[in-house]
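All remarks here apply to the structure that follows.
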Amino acid sequence: MKITDKTVAIVTGGASGLGAAVAQELASQGAKVTIFDMNADLGAAMAEQIGGGFQSVDVSDPASVGKGLEAVKTQHGGLNILINCAGIGPAAKTVSRGEPHDPAIFEKVIRVNLMGSFNCASQAAALMASGEASSPDGERGVIVNTASVAAYDGQIGQVAYSASKGGIVGMTLPMARDLASHGIRVCTVAPGIFLTPLLAGLPDDVQKSLGLQVPFPSRLGDPAEFAAMVRHIVENTMLNGEVIRLDGAIRMAPR
């Protein structure tokens, strides 16, 4: 899909981190970007910075997602791109100090990360499918989800997070197959260790230690590199139904 000033995009979790980098990248190419996020202050500030829009959306709530999409439809008439970056990652072991994992925490992670990605993707796809094809191939839309290397080699304390990201990996191909007849592509990026706000708050020596775990390049990933991958997926029509690890060849140790 060619990104132009007529391209309409939504980035969930676009107020900060990987989502913010994607929002900036798409906007730099002329796209009309709307950020879906729970952080109204950061979300509105980022939207102003990129000349886009902001909607306060709880991705785990289908009604909230629907309201946000309706606002985008009203303002722009349709939708071409959805990038799912919203997510949470609290750490808890299956059993800790004799106590089982809090099921409420597990459920919340699944609801935000997995159900949130599904809610946005399914509703966005319906809006995309109602639009006109934008290329000779009949392409109407692109959906890019964000998983994690934790989907494959989750660490101690990541049982909920890994399960949620594994679910995103698992739904990528069937969703792409479901939406093929509508001209909508679906891919997922599984990033390794990136310099998000969470890691940026760690001491420099800790950041360096984490970066040295990456075979090459031996550093933390730059969110701009994640955004570049997302842009390539959007622009390369043959990428469909695929999960791409973006991790410098890291394979996470148990802890």
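A short reminder: the numbers here are calculations on the coordinates, not readings from a lab. The structure presented is a predicted model; accordingly, all values stated were derived computationally and were not measured. Here Cβ is always computed from backbone atoms with ideal geometry, including for glycine, and neighbour counts include all displayed protein chains.
Brief remarks follow.
- For region 1-48, the fraction of alpha-carbon pairs in successive 10 Å shells from zero, as %: 32, 54, 13, 0
- For Ile10, the residues 5 or more places off, or on other chains, whose built amide H falls under 5 Å of its own are Thr34, Ile81, Leu82, Ile83.
- Pairs of Lys residues in the chain, spaced 8 or more positions apart or belonging to different chains, with C-alpha separations under 25 angstrom: 11 in total.
- Per-residue extension of 0.36 nm, minus the Cα-Cα distance of Ser122 and Thr4, leaves a gain of 40.1 nm for this segment.
- Simple Cβ-charge dipole of the chain, Lys/Arg +1 and Asp/Glu -1, about Cα centre, in debye nearest 20: 380 debye
- Fewest-first sequence of Phe216, Phe36 by Cβ atoms within 10 Å of each Cβ: Phe216, Phe36
- Sorted by Cβ neighbour density within 10 Å, fewest at the top, the residues Thr188, Thr237, Thr74: Thr74, Thr237, Thr188
- With the cut-off at under 20 Å, measuring from each backbone N in region 65-88 to a point 7 Å along the Cα-to-Cβ line of Ser130 picks out 65-83.
- What the Cα atoms of the chain give is an Rg and a Dmax of 17.7, 60 Å.
- Label-point gap, in nm, between Ser56 and Arg97 - each point 7 angstrom along Cα→Cβ: 3.5 nm
- Among the trypsin sites (Lys or Arg not before Pro) within region 20-120, those in coil by DSSP and having at most 12 neighbouring Cβ atoms inside 10 Å are Arg97.
- Rg(Cα)/(2.2 N^0.38 Å) for region 30-96, N = residue count: 1.33
- In the chain, the DSSP-assigned H stretches of four residues or longer account for a calculated mean residue ellipticity at 222 nm of -13000 deg cm²/dmol, using -39500 (n - 2.57) per stretch and the full residue count as denominator.
- Here the Karplus curve 6.51 cos²θ - 1.76 cosθ + 1.60, taken at θ = phi - 60°, turns the phi angles of region 91-101 into couplings of 9, 6, 7, 4, 9, 9, 6, x, 9, x, 3 Hz, with x standing for Gly and Pro.
- Rg over Rh, two decimals, region 81-148 (C-alpha only, Kirkwood Rh): 1.22
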